[in-house]
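J.: The structure is given below, and queries will be raised subsequently.
Every number here is computed from the coordinates shown, using simple stated rules; none is lab data. Small disclaimer: the values here were computed from a predicted structure and weren't measured. Backbone-built Cβ (ideal geometry, glycine too); neighbour counts: all protein chains shown.
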Amino acid sequence: MTIPTGATSVVFSSADCHVELAGTFTEPQVNGPFPLAVMVPGSGALDRDATSFGHQPFARLATELCDLGVATLRYDKRGTGLSGGDLATAGIDDHVSDVMAAVDHVWSRRGPIGGPVGIIGHSEGAANATYAAALGAQVDFLVLLAGAGVSGMDLLMEQHRRLSTAAGLSDEACEEARELQDHVLRTVRDIDDYIRRAQLLKELLAPMTDGHELNTEIEQLASPWFQDFVRRDPTTALVQVACPVLAIWGDLDVQVPPELHVPAIRAVAPGSTVEVWPGVNHLFQQATTGLPDEYARLPEGMAGVAARVSSWLGQIGLLRRSTG
């Protein structure tokens, strides 16, 4: 965990008051007002720095935003780092509740000289940020980094297709893999009963997966969180968001490919600022292929994101002072 200059460790309660979340509030060492942003990481057991593949992209982003005059709150997800709760049993609604609680905490720290409050979400965190804003989180801006513009099922089908092709599978093998993926996701989406859902998934996957690995995969695929993810489409929430939106993708993103998601975002939020950055992958690293096997070998992600967020906030009148 990285604590930069101007940062304070904080603890706040989730909106349902059952879980305590731990985080870091990073504040520019200048007089306000300045914008304040809640940072929301993607899927999985991510801490406040979004630590993964040997990188800490949220630590970098928070530090660079601070240098540019933007305060941030980033926090350990439920069941990770110093936060309470159980990640394995947390659904999307729980994560959205945590985002809303983080926004409330930022408002409580904002004080009389604070500026506008917003959310910066990456990947699944972008969707959760959108859901929170649609549910009434008091935000003045929204930044979506590699955010989805289609349902979870459509996203995963396209992701699976791209990764199968990139792996060099034959057309026949790609089609077989696509059919299996389609059956798996339809089972997850359509079968409400957990026990029945898990049994059907086991029947589908048992011929190609053994023992403990199969049980672990079934546990993940049959989980209420995954079913909720497959069913949801964040654009249904985005149409309810009234604040300014900045949405950015990398053109090498194979997990949330922009050609699938950009048109959907533009269709429901025509006034948003939408950008696709060349040579950039899902983690906002300068990349060659964009495939996940590059992530650990590349330099820290989020390059250029802080500068663009800062300049955009200035363009829309939410960052007025010079920090130079």
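J.: Could you state the angle between the C-alpha long axis of helix 194-205 and the longest principal axis of the C-alpha atoms of the chain, as a value from 0 to 90 degrees rounded to the nearest 10?
T.: Orientation of helix 194-205: about 60 degrees from the principal axis.
J.: Using Cα springs under 10 Å in a Gaussian network model of the chain, which residue among 30, 106, 241 shows the largest mean-square fluctuation?
T.: 30
J.: What nm distance separates the two modelled labels at residue 186 and residue 138, each placed 7 Å from Cα along Cα→Cβ?
T.: 4.8 nm
J.: Relative contact order of segment 190-324, please, whole-number percent, based on alpha carbon pairs below 8 angstrom and at least 6 residues apart.
T.: 16 percent
J.: A further question on this structure: Before anything else, pin down the relative contact order of the chain: Cα pairs under 8 Å, at least 6 apart, normalised by residue count, whole percent.
T.: About 18 percent, as a whole number.
J.: Another one. So for segment 221-297, averaging the separation of alpha carbon pairs under 8 Å that are six or more residues apart and normalising by length, what relative contact order in percent results?
T.: Value for segment 221-297: 31 percent.
J.: Running a GNM on the chain with Cα contacts under 10 Å, which residue among 57, 263, 41 ends up with the highest mean-square fluctuation?
T.: Top of the fluctuation ranking is 263.
J.: If you average the C-alpha positions of segment 125-160 and of segment 199-238 separately, how far apart do those two centres end up, in angstrom?
T.: 20 Å
J.: Separate question: Report for the chain the percent antiparallel among DSSP-assigned beta bridges with both residues inside it, nearest 5.
T.: The antiparallel proportion sits near 35 percent.
J.: Compare 108, 164, 311 in a GNM of the chain, Cα atoms joined below 10 Å, and give the one with the largest fluctuation.
T.: Highest fluctuation among the options: 108.
J.: When the dipole is taken about the Cα centre of segment 42-126, and only Lys, Arg (+1) and Asp, Glu (-1) are charged at their Cβ, what size is it in debye, to the nearest 20?
T.: Here segment 42-126 has a charge dipole of around 240 debye.
J.: Using only the alpha-carbon atoms, how far is helix 171-190 inclined from the longest principal axis of the chain? Give it as 0 to 90 degrees, nearest 10.
T.: 70 degrees
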